[in-house]
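Colleague: Dropping the structure in here first, questions after.
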Amino acid sequence: MVRRMAIPRNKQGFGSRAIHAGQRPDPTTGAIMTPVYFSSTYVQEEPAKTKGYDYSRTVNPTRTALEQNIASLENARFGLCFSSGMGSINCVANLLECGDHVVACNDLYGGTYRLFTTLYEKLGVEFSFVDTTDKDAVVEAMRPKTRMLFVETPTNPLLRLTDISAMAEIAGAHRALLVVDNTFATPYLQNPIDHGADIVTHSATKYLGGHSDVVGGVLCVDDEELRDRLHHFQNSVGSTPGPMDCFLVLRGTKTLHVRMDRHCDNAERIVAWLSEHEKIEKIHYPGLPDHPQHELAKTQMRRFGGMVSVELAGGIEQGKQFASRTRLFSLAESLGGVESLIDHPVSMTHGSIPREERMKAGLNDGLIRLSVGIEDVDDLIADLDEALEQV
Ligand SMILES: *Cc1c(COP(=O)(O)O)cnc(C)c1O
């Protein structure tokens, strides 16, 4: 059965795997691009004798190509695709049972926090939200019933880093699973499985898709038994993506390495320019020597990514003014597309967090998050310059 085959570890470079892993010319026509298999069912030669495909909720060839492709990029044996990033995280959370305890980082993606606190707490799962940049705090939060350690690195919007190897050690000592949300870094910049993570989760909606035209999620795992448990849930619940969505993400991953290098180049140039600007008080970027986890960033990540957060002198009004005055940077939530976006987290993506909690976490009123796209960097800088002048 195709879906039970382990993906062989591929020795090719990232770009070659991004373009070729999991894909072969269509056997009936030679079509070089993976066809979009809309078929819901597959003809069997005799009862229960299939070519590996029986019903498309369970397994679909376009989805298989994407799953193998991303697994290869994450240096994992298995991939599983979902209809959204939240769909993949929900699948992970479903490994938990009533009475289990989870330690999660305290500046989680809002949707993940909502899933945990409004749905899973009700089912009897307990959560502790801690600052996972502090290893001692994590050790202290672990309990005998802790079954999962869930981290994001870098985080949103403050771009703080958690040491994945250290977390793997702590999780391993407690026989808990380490789950890493790798959406911000992408497999091009960071491979959590290489640092000991058990499960990697992605919102494919962001950099993997890369063109702001598809919603999707992915899980990558190395352990076959764990893969089977996750697949059982995926198939039972039906949280699978359609074949067209898989095709779009697969088209995205083919250029991931090229896009990410340009995202990083542009972000580095913008950070250098902003550092000299009198209206900018603070810049959050893992590539800066004064970033609290810069040394870790140099070993855990290959480059520092396309997300940049800045603090303006002033408060909410100055932040809002800046965010509304850019023209090339569009004012919108989400991130990771080819086009540049600007976000004022306090009034947009992170508005639901009480002010006191926000301030404690270091998320100030004037904070602005940039998803630096791959336009010409001089145009992006000119746009920021013009907007800052009006603040
Ligand atoms: C967007 C996002 C998600 C959720 O993904 P969807 O595709 O929107 O469901 C999860 N984690 C992170 C870090 C994200 O940025």
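Colleague: Once label points are set 7 Å from the Cα along Cα→Cβ at both Glu121 and Ala137, what is their separation, rounded to one decimal in nm?
Modeller: Simple spin-label model gives 1.8 nm for this pair.
Colleague: Here's another thing I want to ask about it. Under the rule of at least 5 residues apart or a separate chain, name every residue whose amide H is placed under 5 Å from the amide H of Leu177.
Modeller: Here the answer is Met148, Leu149, since their amide H atoms fall under 5 Å of that of Leu177.
Colleague: Let me ask you something else. Express in % the proportion of alpha carbon pairs of the chain at distances exceeding 27 Å.
Modeller: When all Cα pairs of the chain are counted, 49 percent exceed 27 Å.
Colleague: Give, in nm to one decimal, the length gained when the segment between Val338 and His232 is fully stretched (0.36 nm per residue of separation minus the Cα-Cα distance).
Modeller: 34.7 nm
Colleague: Another question, if that's okay. Can you tell me, using C-alpha contacts under 8 Å and at least 6 residues apart, the relative contact order of segment 300-391 as a whole percent?
Modeller: That works out to 41 percent.
Colleague: Cβ neighbours within 10 Å, averaged per peptide: list 174-186, 51-63 in order, most packed at the top.
Modeller: In decreasing order of mean packing, 174-186, 51-63 become 174-186, 51-63.
Colleague: Grab the Cα-Cα distance for Asp213 and Ile316, subtract it from 0.36 nm times how many residues apart they are, and report the gain in nm with one decimal.
Modeller: 34.0 nm
Colleague: Shifting gears a bit: If DNA, RNA and ligands are ignored and the probe is 1.4 Å, what is the ranking of Lys320, Lys360 by accessible area, most exposed first?
Modeller: Order by accessible area, largest first: Lys360, Lys320.
Colleague: Beta carbons within 10 angstrom, averaged per residue: use that to sort the peptides 71-81, 347-357, 376-386, highest first.
Modeller: Ranked by mean Cβ neighbours within 10 Å, highest first: 71-81, 376-386, 347-357.
Colleague: Okay, next question. Which far-off residues, 5 or more places away or on another chain, put their amide H under 5 Å from the one on Ser330, with H placed in the peptide plane?
Modeller: For Ser330, whose amide H was placed from the backbone, the distant partners under 5 Å are Ser340, Leu341, Ile342.
Colleague: At Lys298 and Arg269, where each label point lies 7 Å from the Cα along Cα→Cβ, what is the point-to-point distance in nanometres?
Modeller: 2.5 nm
Colleague: Can you list the HN-Hα couplings for segment 270-285, worked out from phi with the Karplus curve (6.51, -1.76, 1.60; θ = phi - 60°), rounded to whole Hz and with x for Gly and Pro?
Modeller: 5, 4, 4, 5, 5, 4, 8, 8, 5, 8, 9, 8, 8, 10, 9, 7
Colleague: When you count, for each residue, the other Cβ atoms within 10 Å and take the mean per peptide, how do 227-235, 155-163, 120-128 rank with the highest first?
Modeller: Final packing ranking: 155-163, 227-235, 120-128.
Colleague: Roughly how much of Ile170 is accessible, in Å² to the nearest 10, using a 1.4 Å probe?
Modeller: 20 Å²
Colleague: Roughly how many nanometres apart are two label points built 7 Å out from the Cα toward the Cβ at Arg327 and Gln12?
Modeller: So the label points at Arg327 and Gln12 sit 4.3 nm apart.
Colleague: Efficiency by 1/(1 + (r/R0)^6): what FRET value for Asp379 and Glu45, r their Cβ-Cβ distance, R0 = 56 Å, to the nearest 0.05?
Modeller: The formula returns an efficiency of 0.45 here.
Colleague: Over the chain, what is the mean sequence separation of C-alpha contacts under 8 Å (at least six apart), divided by residue count, expressed as relative contact order in percent?
Modeller: Relative contact order, the chain: 16 percent.
Colleague: Follow-up question, since we're still on this one. Stretch Ser128-Glu356 to full length: gain in nm at 0.36 nm per residue minus the Cα-Cα span?
Modeller: Length gained, Ser128 through Glu356: 80.2 nm.
Colleague: Additional query: Place +1 on the Cβ of every Lys and Arg and -1 on the Cβ of every Asp and Glu in segment 12-141, take the dipole about the Cα centre, and give the residue among Phe127, Val59, Cys81 whose Cα lies farthest towards its positive end.
Modeller: Val59
The values are calculated or read from the model by the stated rules, or taken from the named source; none is laboratory data. Nothing here was measured: the structure is a model prediction, and the numbers come from that model. Virtual Cβ from ideal backbone geometry, glycine too; neighbours counted across all protein chains shown. Areas reflect the complete protein model, heavy atoms only, side chains present, ligands, DNA and RNA absent. Shrake-Rupley method; radii C 1.70, N 1.55, O 1.52, S 1.80 Å.
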